[in-house]
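Here's the structure, in structure tokens; my notes come after.
The values are calculated or read from the model by the stated rules, or taken from the named source; none is laboratory data. Treat the numbers as computed from the prediction; the structure is a model and nothing was measured. When we count neighbours, we look across all protein chains shown, and the Cβ atoms used for this are built from the backbone with ideal geometry, even at glycine.
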Amino acid sequence: MKISEVYASLQGEGLLAGTPSTFIRTSGCNLRCVWCDTPFTSWKPEGREMAVAGVLAVVESLAPRHVVLTGGEPLLHDDVVPLAVALRRGGFHVTVETAGTVLPEADGPLFDLVSISPKLASSAPPADTPGNWAARHEAARRRDDVLRSLAASGPHQFKVVVETAADLDEAVAWIEDLGECVDRRRVFFMPQARTPEELAARTAWLERECHRLGVRLAPRHHITWYGGRRGT
């Protein structure tokens, strides 16, 4: 599978925020979010081919016992399944970060935490984006059958990126559409931001809205801590 980077840092979002973790970032994505903060895994995918054994060796050389499989979209890669199995057998806690558009082919649970980040309509790139990506993105971004299956596969969290009031309305309606498969205690709304300044401004608004709605806010600590630098 194509790997963009493997590095140790702190988890910045969600239930495990603050946890020392090793991030395995795959390269390649079936979406093209206009605000993507890792364009080197989507718009212009970079990386090198690595076998499962090679990835394991790098992970084992680092300290954290929590591992995050992220991307891009890691579930596009068949080798993510044997990698997750090997990591868990080795005693690692494994989180997968996914947009919820692809189901892995596996028997039984693969991950200790399935972290699902559905992409709202506002994530679509402009209509004139080369490669017909506006239409391709819109056709792929919402797969409620996949979301329900992933949520049912084990412990999960939903993290929805919100920038505007329209985004917020869509996010609330989408979670309601998914029904009882979603653990509402594990639903987070988080502000769309690329810089600490954007994050501070948008968090202030979203914090009030989350309080009003009774939904959890996900501060994006890594932007505050590291400024969104690659490898952090």
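Residue by residue through the stretch 204-232, note down the ones that are surrounded by fewer than 13 Cβ atoms within 10 Å (Cβ to Cβ), at pLDDT 90 or above and assigned to a loop (DSSP other than H, G, I, E, B). Correct list: G214 only.
Residue under question is V55, and the condition is that it be outside any strand (DSSP E or B) and under 28 Å from R186 (Cβ atoms); does it hold? Yes: the conditions hold for V55. For the stretch 196-209, indicate whether the set of residues that are in contact with a helix residue (DSSP H, G or I) (Cβ under 6 Å, 6 or more places away or on another chain), closer than 21 Å to G71 by Cβ and touching a residue at least 12 places away in the same chain (Cβ under 8 Å) is non-empty. Looking for residues that are in contact with a helix residue (DSSP H, G or I) (Cβ under 6 Å, 6 or more places away or on another chain), closer than 21 Å to G71 by Cβ and touching a residue at least 12 places away in the same chain (Cβ under 8 Å), one finds none in the stretch 196-209, hence no.
Evaluating L87 against the criteria (1) outside any loop (DSSP other than H, G, I, E, B); (2) touching a His at 6+ places or on another chain (Cβ under 9 Å); (3) under 21 Å from V160 (Cβ atoms) leaves one unmet condition, (3).
For the stretch 32-45, indicate whether the set of residues that are buried (at least 16 other Cβ atoms within 10 Å of the Cβ) and of a type in the set (K, R) is non-empty. Yes, some residue in the stretch 32-45 is buried (at least 16 other Cβ atoms within 10 Å of the Cβ) and of a type in the set (K, R). Mind counting the residues in the stretch 182-195 that are within 16 Å of the chain's Cα centre (by Cα) and either free of Cβ contacts under 8 Å to residues at least 40 places away in the same chain or closer than 17 Å to D169 by Cα (or both)? Counting residues in the stretch 182-195 that are within 16 Å of the chain's Cα centre (by Cα) and either free of Cβ contacts under 8 Å to residues at least 40 places away in the same chain or closer than 17 Å to D169 by Cα (or both) gives 7. I'm told C33 meets every condition in (1) out of contact with any Ser or Thr (no Cβ under 6 Å at 6 or more places or on another chain); (2) assigned to a loop (DSSP other than H, G, I, E, B); (3) modelled with pLDDT of 95 or more; (4) of a type outside the set (A, V, I, L, M) except one. Can you identify the failing condition by its number? All conditions are met except number (1). Does the stretch 164-178 contain any residue that is of a type in the set (S, T, Y) and surrounded by 14 or more Cβ atoms within 10 Å (Cβ to Cβ)? The answer is no; no qualifying residue exists. Pairing residues of the stretch 75-95 that are among the β-branched types (V, I, T) with residues that are in a helix (DSSP H, G or I) and crowded, with 19+ Cβ neighbours inside 10 Å, at Cβ distances under 6 Å and at least 6 apart in sequence or on separate chains, gives V80/P74; V94/A84; V94/L87. Could you count how many residues in the stretch 90-106 are assigned to a loop (DSSP other than H, G, I, E, B) and more than 11 Å from the chain's Cα centre (by Cα)? Qualifying residue count, the stretch 90-106: 9.
If the condition is being closer than 21 Å to V187 by Cβ, surrounded by fewer than 19 Cβ atoms within 10 Å (Cβ to Cβ), in contact with a helix residue (DSSP H, G or I) (Cβ under 9 Å, 6 or more places away or on another chain) and not hydrophobic (A, V, I, L, M, F, W, C), then the stretch 1-31 contributes only G18.
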